[in-house]
Amino acid sequence: MLNEKTVIVTGAASGIGRGIALAAQSHGAKAIVLADLTEEPREGGDTTAQLLARTGIPHLFRRADVTSPEDMEALIAESEAFGGVDLMVCNAGIALPNDTLDLDPSDLRRLLAVNVEGVFYGAQAAARQMLRLGKKGSIVVTSSMGGLRGASFTVGYSTSKGGVNQMVRSLADALGPHGIRVNAVCPGLIDTALVQSSPEAAAAFEPLRQRMPLRRFGDVREVGDVVAWLGSDFSSFVTGVALPVDGGQTAII
Ligand SMILES: NC(=O)c1ccc[n+]([C@@H]2O[C@H](COP(=O)([O-])OP(=O)(O)OC[C@H]3O[C@@H](n4cnc5c(N)ncnc54)[C@H](O)[C@@H]3O)[C@@H](O)[C@H]2O)c1
């Protein structure tokens with residue numbers, strides 16, 4: 001599906017980003033550039049780079065902070081060794097333990113810096129390179145079902161992901177004339193360290209799982225497969241979409 005395509009993934013050390021990178025490899029990517037603040041997976045075990053090394057795919061890890069435009073420019077430049085980025089995945093994101101009405105202002109600023117600004121700087125740097133190289137690439141953002149629905153325990157998070165969904169629609173309009181597509185995936189409950197970020201969050205998610213049409217948490221690879229499709233030519237007429245990958249969670253009342 002991703003034949004001859006170079007993929008960059010932010011937040012690739014852990015969780016969904018790791019799943020996206022491994023899915024990209026299994027769907028035939030040419031090369032993968034991994035970016036994160038740290039190489040150590042939050043869930044433990046081998047690093048994503050070690051897992052990719054076993055497959056023989058060309059890859060590299062770069063320490064990069066998505067809130068830094070300079071880091072994002074430098075990250076995109078790394079892909080030139082592989083012919084430039086074809087699929088940019090702006091995945092890094094954070095959640096807060098206390099994300100209610102009592103949200104601390106400094107926590108809110110940090111959340112918006114990573115989840116909104118960080119996505120923009122990655123997409124901006126990738127788009128600039130795609131335009132310069134004349135590539136009809138794909139940019140995929142990891143949003144959330146929290147960007148489609150609100151909740152009392154995800155006040156700042158839902159705000160950030162709703163902003164990202166609007167960013168995707170706007171960038172799709174800006175870049176569409178150049179053949180560059182921009183889409184978001186909106187994962188529901190995916191089994192990662194992030195959803196276990198606090199006992200309150202874990203307790204709040206359990207009734208959601210019990211009510212969800214598929215009655216289970218998702219696996220990171222199930223998000224990765226959808227991202228690979230959005231990065232491939234099989235989705236060539238899809239842009240500006242915020243696509244739920246949520247076991248049906250946002251389909252129901
Ligand atoms: N887990 C879920 O159920 C779920 C649901 C919906 C959306 N999401 C979204 O999926 C994305 C990944 O979440 P996850 O569950 O895999 O979380 P995670 O915490 O397991 O992994 C996130 C990774 O991002 C990295 N990161 C954090 N801040 C960064 C920064 N400033 N620069 C670079 N890297 C940074 C972390 O080091 C970590 O490796 C996030 O955008 C999150 O909002 C997750």
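Go through segment 15-47 and give me each residue that's under 15 Å from the mean Cα position of the chain (by Cα) and open to solvent by less than 20 Å² (accessible area, probe 1.4 Å).
GLY15, GLY17, GLY19, ILE20, ALA21, ALA23, ALA24, ILE32, VAL33, LEU34, ALA35
Looking for whichever is open to solvent by less than 30 Å² (accessible area, probe 1.4 Å), in a helix (DSSP H, G or I), of a type in the set (Val, Ile, Thr) and away from the ligand (no atom under 12 Å from the Cβ) here; the options are VAL168, VAL182, VAL164. Which one fits?
On inspection, the qualifying residue turns out to be VAL168.
List every residue pair whose Cβ atoms sit under 8 Å apart, with the two residues 6 or more apart in sequence or on different chains, where the first one lies in segment 4-32 and is acidic (Asp, Glu) and the second, anywhere, is away from the ligand (no atom under 15 Å from the Cβ).
GLU4/LYS30; GLU4/ASP86
Could you list, in sequence order, all residues of segment 122-133 that are open to solvent by 10 Å² or more (accessible area, probe 1.4 Å) and either within 16 Å of the ligand (Cβ to nearest atom) or farther than 18 Å from SER68 by Cβ (or both)?
If the condition is that a residue be open to solvent by 10 Å² or more (accessible area, probe 1.4 Å) and either within 16 Å of the ligand (Cβ to nearest atom) or farther than 18 Å from SER68 by Cβ (or both), then GLN124, LEU131, ARG132, LEU133 are the ones that fit.
Give the residue, chosen from ARG110, ARG149, that is within 15 Å of the ligand (Cβ to nearest atom), of a type in the set (Lys, Arg) and within 20 Å of ALA13 (Cβ to Cβ).
Exactly one residue qualifies, and that residue is ARG110.
Could you tell me whether SER68 is closer than 25 Å to LYS136 by Cβ and of a type in the set (S, T, N, Q)?
When the stated conditions are applied, SER68 does not pass them.
When you check ARG42 against the structure, is it of a type in the set (Lys, Arg), touching a residue at least 40 places away in the same chain (Cβ under 8 Å) and within 16 Å of the ligand (Cβ to nearest atom), yes or no?
yes
Tell me, which residue of segment 24-39 that is among the hydrophobic types (A, V, I, L, M, F, W, C) and in a loop (DSSP other than H, G, I, E, B) is nearest to the ligand (Cβ to nearest atom)?
Among residues in segment 24-39 that are among the hydrophobic types (A, V, I, L, M, F, W, C) and in a loop (DSSP other than H, G, I, E, B), the one nearest to the ligand (Cβ to nearest atom) is LEU37.
Need the failing condition index for ALA77 against (1) within 15 Å of the ligand (Cβ to nearest atom); (2) outside any loop (DSSP other than H, G, I, E, B), just the number.
The failed condition is (1).
Consider LYS136 against the criteria (1) touching a helix residue (DSSP H, G or I) at 6+ places or on another chain (Cβ under 8 Å); (2) within 16 Å of the ligand (Cβ to nearest atom); (3) not in a helix (DSSP H, G or I): it satisfies all of them except one. Which criterion is unmet?
Condition (2) is where LYS136 drops out.
Could you tell me which of the residues ALA21, ALA49, ALA95 is of a type in the set (Gly, Ala, Ser), within 20 Å of ARG221 (Cβ to Cβ), in contact with a helix residue (DSSP H, G or I) (Cβ under 6 Å, 6 or more places away or on another chain) and within 16 Å of the ligand (Cβ to nearest atom)?
Going through ALA21, ALA49, ALA95 in turn, just one is of a type in the set (Gly, Ala, Ser), within 20 Å of ARG221 (Cβ to Cβ), in contact with a helix residue (DSSP H, G or I) (Cβ under 6 Å, 6 or more places away or on another chain) and within 16 Å of the ligand (Cβ to nearest atom): ALA21.
Quick check on segment 134-153: of everything there that is among the hydrophobic types (A, V, I, L, M, F, W, C) and modelled with pLDDT under 95, which residue is least open to solvent (accessible area, probe 1.4 Å)?
If we take residues in segment 134-153 being among the hydrophobic types (A, V, I, L, M, F, W, C) and modelled with pLDDT under 95, then ALA151 is least open to solvent (accessible area, probe 1.4 Å).
Take segment 185-225 and flag every residue that is among the small types (Gly, Ala, Ser), more than 7 Å from the ligand (Cβ to nearest atom) and more than 17 Å from ALA21 (Cα to Cα).
SER197, SER198, ALA201, ALA202, ALA203, ALA204
Among the candidates MET72, MET88, single out the residue that is part of a helix (DSSP H, G or I) and surrounded by 21 or more Cβ atoms within 10 Å (Cβ to Cβ).
Being part of a helix (DSSP H, G or I) and surrounded by 21 or more Cβ atoms within 10 Å (Cβ to Cβ) holds for just one of MET72, MET88, which is MET72.
Name every residue in segment 94-120 that is open to solvent by 50 Å² or more (accessible area, probe 1.4 Å) and not in a loop (DSSP other than H, G, I, E, B), in order of residue number.
PRO105, SER106, ASP107, LEU108, ARG109, ARG110, LEU112, GLU117, PHE120
The values are calculated or read from the model by the stated rules, or taken from the named source; none is laboratory data. As the structure is a prediction and not an experimental result, all values here were calculated from the model. Note that we place each Cβ from the backbone using ideal geometry, even for glycine, and neighbour counts take in every protein chain shown. These accessible areas exclude ligands, DNA and RNA; they are computed on the full protein's heavy atoms, side chains included. Shrake-Rupley method; radii C 1.70, N 1.55, O 1.52, S 1.80 Å.
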